[in-house]
Ligand code: AMP
Ligand code: GLY
């Protein structure tokens, strides 16, 4: 008997995760051709508001319950948003049970989950990246630092939710960062990478891969620092815009050939069938693009910024990636527009945050303006409250960046919660005012 023909587009989709990224993914997938229903686990305060979406109170760590949901809802495609469940092997578990999953297995997720592993892969692939030294003990790390005699970038090896990197200005700061890693979660078992500091603007590039082939999304620029003028501590990202003019079509093609294709090939050489996002965080240095980091998922808030630009083929393209047949997928249409995203964070973010504030919103989403929820929850009366560091993402699209940011900030003026914190200068690189 012949195997049944693979589905062209999924009817039932499960999105795993509960941040702004997953809210945007669910919204975009629910709008995709052929999609009849999207289930989101665990979702957030915005999930149930999205047309066609159902929220499930299942944690991303509960692999058994997620598998049972796939079976009960006849899920055709699972899209795993965050890195932690990918590194924990959720995609492996669901694939082993026969489900199509967009997101790498635990083997491929090491691209993000281990800096040492990722650096070794980059060297193997010949991908440009800053010079580095590995260390598996505090003594080894200090010795490597002393041998260099200059402040280096200190990177904890494991998943650190955006908090594992210190760009040290002084040797003392680098020493303190090393000590902090060995006094932290993994104690003496910790490991790290010391890296040469590189300079230049940063841009994020996302490749959707089926293990053999890839489709690139428009490059996006994130704003990592909490403060205006790119000052203060690092955050998960306070806003973004796309397409980042830093990389034009030729620049993006160059990155494909220089970074993404060799990386995918090196993954294949290790026997890894990588079906998901390869997120390259690049620094555009004087000597060309250099990989700062790889992630195994969409960026947040880059995902919120990009999703509104993508066409209704998205679900079919992600399914084709999950099935290893991107060559048979419809072309992913990308609106030739500018997209601008501003994050509203809780007071105190990225430090100790204020939570539990009621969110009021007059914002009505349209084709050119979206409100995505991140750290929010609803109470039993349906009222919405802040519950995380990054609370909301407002995203707008227009023909130029001035109009897109005007739209995003006008949208932001229609939402409120006590202590709402945001940067007014997101997109300063591309705005004329
Ligand atoms: P990450 O937590 O891996 O996203 O890194 C946080 C930030 O640290 C990056 O966005 C860069 O701004 C900075 N960074 C990481 N590696 C380097 C490096 N080698 N040189 C300069 N800055 C770096
Ligand atoms: N916005 C950066 C990240 O998702 O890692």
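Over the chain, with a Gaussian network built from C-alpha contacts below 10 Å, which listed residue (389, 227, 187) shows the highest mean-square fluctuation? Highest fluctuation among the options: 187.
Potential lengthening of the chain between residue 136 and residue 400 amounts to 90.2 nm, from the contour at 0.36 nm per residue minus the alpha-carbon distance.
For the options 275, 138, 390, a Gaussian network treatment of the chain with springs between C-alpha atoms closer than 10 Å singles out 138 as fluctuating the most. Using a Förster distance of 35 Å, how high is the FRET efficiency between residue 248 and residue 36, based on the Cβ-Cβ distance and rounded to 0.05? Given R0 = 35 Å and the Cβ-Cβ separation, E is 0.35. Over all projection directions, the Cα-based convex hull of the chain averages an area of 20.7 nm².
Ranked by the mean number of other Cβ atoms within 10 Å of their residues, highest first, the peptides 295-301, 425-431, 146-152, 89-95 come out as 295-301, 89-95, 425-431, 146-152. With the Cα gyration tensor of segment 237-283 giving a ≥ b ≥ c as the square roots of its eigenvalues, does the rule (a/c under 1.5 for rounded; else a/b larger than b/c for prolate; else oblate) give rounded, prolate or oblate? Note, shape of segment 237-283 comes out oblate. Remark: relative contact order (the chain) = 17 percent; criterion is Cα-Cα distance under 8 angstrom and separation of 6 or more residues.
Calculated mean residue ellipticity at 222 nm for the chain: -7500 deg cm²/dmol, from DSSP H runs with n ≥ 4 weighted as -39500 (n - 2.57), summed, divided by the residue count and rounded to 500. Each of 338, 53 was scored by other Cβ atoms within 10 Å of its Cβ. Listed from fewest to most, they are 53, 338. Once a ≥ b ≥ c are taken as the square roots of the eigenvalues of the Cα gyration tensor of segment 350-397, is the result rounded (a/c under 1.5), prolate (a/b larger than b/c) or oblate (a/b not larger than b/c)? Because a/c hits 1.5 or more and a/b fails to exceed b/c, segment 350-397 counts as oblate. Treating r as the C-beta distance of residue 148 and residue 429 and R0 as 25 Å, the FRET efficiency rounds to 0.20.
When only Cα pairs below 8 angstrom with a gap of at least 6 residues are kept, segment 1-145 shows a relative contact order of 17 percent.
In plain terms, the chain from residue 347 to residue 61 could stretch by 100.2 nm, reckoned as 0.36 nm per residue minus the Cα-Cα distance. Going from the fewest other Cβ atoms within 10 Å to the most, the residues 307, 122, 238 appear in the order 122, 307, 238.
Here, each number is a calculation from the coordinates, and none is a lab measurement. Since this is a predicted model, take the numbers as computed values, not measurements. FYI the Cβ positions are ideal-geometry reconstructions off the backbone, even for glycines, and counts take in every protein chain you see.
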